[in-house]
Amino acid sequence: RRGGWTWYTGAAGWFYRAGLEWVLGLQVRGDRLIFEPCIPVTWPGYSLTYRHHDTCYEITVENPNGATRGVAGLELDGERQSGGNGIQLKDDGQPHRVRVVMGEVGDRF
């Protein structure tokens, strides 16, 4: 009854987190940024900016084959990343570009 404002702000936080983590698939785990997008087949992709302390990450997620989930490839500042679907976060104050291509791991990237 008296917690109306608390309930609203808490719900907004959960909706934000649900959209960011479960749909766009952006998750921070320790000092890593993990990508696990789960989007509708009709989305060609999306982009967002993520700020980690003084460092901005311009993230572009491409969905060329209409996948609903999975990461076929990952690039950080133009360099292909191996070893999974995440990057190491830095706090160097420099802008970084991240490119995520959705699909199966064996798909052409």
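The values are calculated or read from the model by the stated rules, or taken from the named source; none is laboratory data. No experiment lies behind these values; they were computed from the predicted model shown. All Cβ positions, even for glycine, are placed from backbone atoms using ideal geometry, and neighbour counts span all protein chains on display. Just the protein is used for accessible areas: all its heavy atoms, side chains included, with ligands, DNA and RNA removed. Shrake-Rupley method; radii C 1.70, N 1.55, O 1.52, S 1.80 Å.
In region 16-38, what residues are among the aliphatic types (A, V, I, L, M), modelled with pLDDT of 90 or more and open to solvent by 50 Å² or more (accessible area, probe 1.4 Å)? Give the derivation first.
Keep residues of region 16-38 that are among the aliphatic types (A, V, I, L, M), which gives 18, 20, 23-24, 26, 28, 33-34.
Checking the rest, the ones that are also modelled with pLDDT of 90 or more come to 26, 28, 33-34.
Correct list: VAL28 only.
Only one of (1) farther than 17 Å from GLY25 by Cβ; (2) touching a residue at least 40 places away in the same chain (Cβ under 8 Å); (3) open to solvent by 80 Å² or more (accessible area, probe 1.4 Å) fails for HIS53. Which number is that?
(2)
Just one of the numbered conditions (1) exposed (fewer than 15 other Cβ atoms within 10 Å of the Cβ); (2) touching a Pro at 6+ places or on another chain (Cβ under 7 Å) is not true of MET102; which one?
(1)
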